[in-house]
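**Student:** Dropping the structure in here first, questions after.
The values are calculated or read from the model by the stated rules, or taken from the named source; none is laboratory data. Keep in mind the model is a prediction, meaning the values are calculated, not measured. Here the Cβ positions follow ideal geometry from the backbone for every residue, glycine too, while neighbour counts run over all protein chains shown. Side chains included, ligands, DNA and RNA excluded: accessible areas come from the protein's heavy atoms. Shrake-Rupley method; radii C 1.70, N 1.55, O 1.52, S 1.80 Å.
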Amino acid sequence: MNVLVCNVGSTSLKFKLFDMPGDKVLAEGKVERVGRTDAIFHYGNCSTGYSVKLEEQNIPSYAEGILQYLSHLTHPEYGVIADVSEIERVGFKTVLAKGFYGIHELTEEVLQAMRDYLVVAPAHNGPYLEAIGQIRQVLPGVMLVGVFETAFHTTIPKAERIYGIPYEWHEKYGIQKMGYHGASHGYVADVLTERCGGTGNAISCHLGGSGSLCAIQNGISLNNSFGFSLQAGPIHANRIGDTDAYVIPYLLSQGMSIEDITKGMDKQGGLLGISGVSNDLRDVQLAAEAGNERAQLAIDVYCAGIVHYVGAYYAQLGGLDHLVFTGGIGENSDLVRKTVCKAVAHFGIELDKEKNAARGNQIRVISTPDSRVNVWVIPANEELGIARRTYEY
Ligand code: AMP
């Protein structure tokens, strides 16, 4: 079955066409700067190695982006299918829908449930709703499947899920811990299962522009550092992470508007907010090395947040077999891996310095043979997770 996976960003669209089962990627594509006349379009045929990058493209909408991708996919010379009717399903890395937390066909009812929680995940649900609507028009009759980022976390026990709020808020508004990054943590669980025969007790650290940790036991999520929204957990690139909820009424009482508070929490917090330098860890690290104290503080707060959750999940799991780093920072920052592992060395974690410092984009173990816990770098492959779930649906 040909499964097309769509990863939608606020101004970008990424595609991968899979031949399932078998996990084979036939072709991939990417549109950057959707909505502009200087958009960039990439396409690659994974069998022949043909690839093209077209700049200064007029791609006013997601629909236009997918049409351009489909015209490449079906091109007699560099395409991989003869006709779009060979695409049997489209899988989306959707984030949140009220009452639909698993894997669902994207019916009007599910799309309405995504609209109901637009305010909780505005940066994600808005672009997805727009892109799904347009792709539905371009590919009528094809089953569209939403693999919600909450899906992997539906196994989190209630005691870890329920907040100490008036229970009616949970019942009426659905407020509870949801957990996100499900495609990434689910893929980590798949890899450990394939390579080790099971996950045992594992902690998966997806550290990128947005970061979360996940406690996994025997393949199942038992906790995730995200909460009702994507605002919880260790600090993110721009988002604030865990903060006392009473900061908000206090700021309101001081005359700040809810719009300004939300903007501060979404865009002006995290690594950027503390460092005042950048939301990109590479810039923050350079500034810290040059003596910028706030940049160093941002790195310290970032790592402390991760250590906090590793400790909490170690306690919840009752031990640890695997500690996994994934995402842009998890895969690339030997500094963050080293700092975190040093802080929790007493859990039986011993990093191999050279393996930690080595670069590469392959799945690898970076702990010493004597380390009680295996430390892994597993490059994120959320699209494969989505393709598998869409195929199995
Ligand atoms: P992601 O959201 O998973 O694509 O991760 C993007 C983030 O990874 C960037 O904003 C950087 O902060 C981080 N990153 C990428 N490469 C490196 C690196 N070599 N060292 C530190 N951080 C990195």
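**Student:** Please identify the pairs in which a residue from the stretch 297-322 that is within 16 Å of N223 (Cβ to Cβ) has its Cβ atom under 7 Å from the Cβ atom of a residue that is part of a helix (DSSP H, G or I) and of a type in the set (G, A, S), counting only partners at least 6 apart or on another chain.
**Tutor:** V307/A343
**Student:** Also: Specify which of the listed residues (A232, A202, A245) is open to solvent by less than 10 Å² (accessible area, probe 1.4 Å) and more than 16 Å from the ligand (Cβ to nearest atom).
**Tutor:** A202
**Student:** Can you name the condition, by its number, that G327 falls short on among (1) of a type in the set (G, A, S); (2) touching a residue at least 24 places away in the same chain (Cβ under 8 Å); (3) away from the ligand (no atom under 11 Å from the Cβ)?
**Tutor:** All conditions pass for G327, except number (3).
**Student:** From T193, T155, which residue is in a loop (DSSP other than H, G, I, E, B), closer than 25 Å to N381 by Cβ and hydroxyl-bearing (S, T, Y)?
**Tutor:** T155
**Student:** Oh, and also: Out of the residues in the stretch 331-375 meeting the condition of being among the β-branched types (V, I, T) and open to solvent by 30 Å² or more (accessible area, probe 1.4 Å), tell me which one is farthest from I220 (Cα to Cα).
**Tutor:** It comes out as T339.
**Student:** What about G328, is it at pLDDT below 95 and either assigned to a helix (DSSP H, G or I) or open to solvent by less than 10 Å² (accessible area, probe 1.4 Å) (or both)?
**Tutor:** Yes: the conditions hold for G328.
**Student:** Of the numbered conditions (1) over 16 Å from the mean Cα position of the chain (by Cα); (2) modelled with pLDDT under 95, N201 satisfies every one except a single condition; which is it?
**Tutor:** Failed condition: (2).
**Student:** Quick one: in the stretch 9-34, of everything that is open to solvent by 50 Å² or more (accessible area, probe 1.4 Å) and outside any strand (DSSP E or B), which residue is nearest to I386 (Cα to Cα)?
**Tutor:** Of everything passing the filter in the stretch 9-34, D23 is nearest to I386 (Cα to Cα).
**Student:** Shifting gears a bit: Need pairs with beta-carbon distance below 7 Å; first residue farther than 18 Å from L13 by Cα and within the stretch 65-92, second among the charged types (D, E, K, R); sequence gap 6+ or separate chains.
**Tutor:** As it stands, the answer is T74/D83, since those pairs meet every condition given.
**Student:** Criterion first (away from the ligand (no atom under 16 Å from the Cβ), closer than 18 Å to L96 by Cα and in contact (Cβ under 8 Å) with a residue 60 or more places away in the chain) does S225 satisfy it?
**Tutor:** no
**Student:** Just to be sure I understand, how many residues within the stretch 205-222 are more than 14 Å from the ligand (Cβ to nearest atom) and open to solvent by 10 Å² or more (accessible area, probe 1.4 Å)?
**Tutor:** 5
**Student:** Among residues belonging to the stretch 124-143 that are open to solvent by 60 Å² or more (accessible area, probe 1.4 Å) and touching a helix residue (DSSP H, G or I) at 6+ places or on another chain (Cβ under 7 Å), point out the one that is farthest from S85 (Cα to Cα).
**Tutor:** E130
**Student:** Restricting to the stretch 283-299, and then to whatever is more than 15 Å from the ligand (Cβ to nearest atom) and surrounded by 14 or more Cβ atoms within 10 Å (Cβ to Cβ), can you tell me which residue is farthest from the chain's Cα centre (by Cα)?
**Tutor:** Ranking the candidates gives N292 first.
**Student:** Moving on to the next point. Could you say which residue among V365, V336, V373 is in contact with a helix residue (DSSP H, G or I) (Cβ under 9 Å, 6 or more places away or on another chain) and either touching a residue at least 60 places away in the same chain (Cβ under 8 Å) or within 16 Å of the ligand (Cβ to nearest atom) (or both)?
**Tutor:** Just a single option satisfies the conditions, and that option is V336.
**Student:** May I pose another question? Go through the stretch 61-85 and report how many residues are under 27 Å from the mean Cα position of the chain (by Cα) and assigned to a loop (DSSP other than H, G, I, E, B).
**Tutor:** Residues in the stretch 61-85 being under 27 Å from the mean Cα position of the chain (by Cα) and assigned to a loop (DSSP other than H, G, I, E, B): 1 in total.
**Student:** Yes or no: the stretch 156-177 includes at least one residue that is touching a Gly at 6+ places or on another chain (Cβ under 8 Å), closer than 30 Å to R337 by Cβ and surrounded by 24 or more Cβ atoms within 10 Å (Cβ to Cβ).
**Tutor:** Looking for residues that are touching a Gly at 6+ places or on another chain (Cβ under 8 Å), closer than 30 Å to R337 by Cβ and surrounded by 24 or more Cβ atoms within 10 Å (Cβ to Cβ), one finds none in the stretch 156-177, hence no.
**Student:** Further question: Evaluate the stretch 176-192: report whether one residue or more is without any contact (Cβ under 8 Å) to a residue 40 or more places away in the chain and away from the ligand (no atom under 16 Å from the Cβ).
**Tutor:** yes
**Student:** Can you work out which of the residues in the stretch 249-282 that are surrounded by 17 or more Cβ atoms within 10 Å (Cβ to Cβ) and touching a residue at least 40 places away in the same chain (Cβ under 8 Å) is farthest from the ligand (Cβ to nearest atom)?
**Tutor:** Among them, the one singled out is D266.
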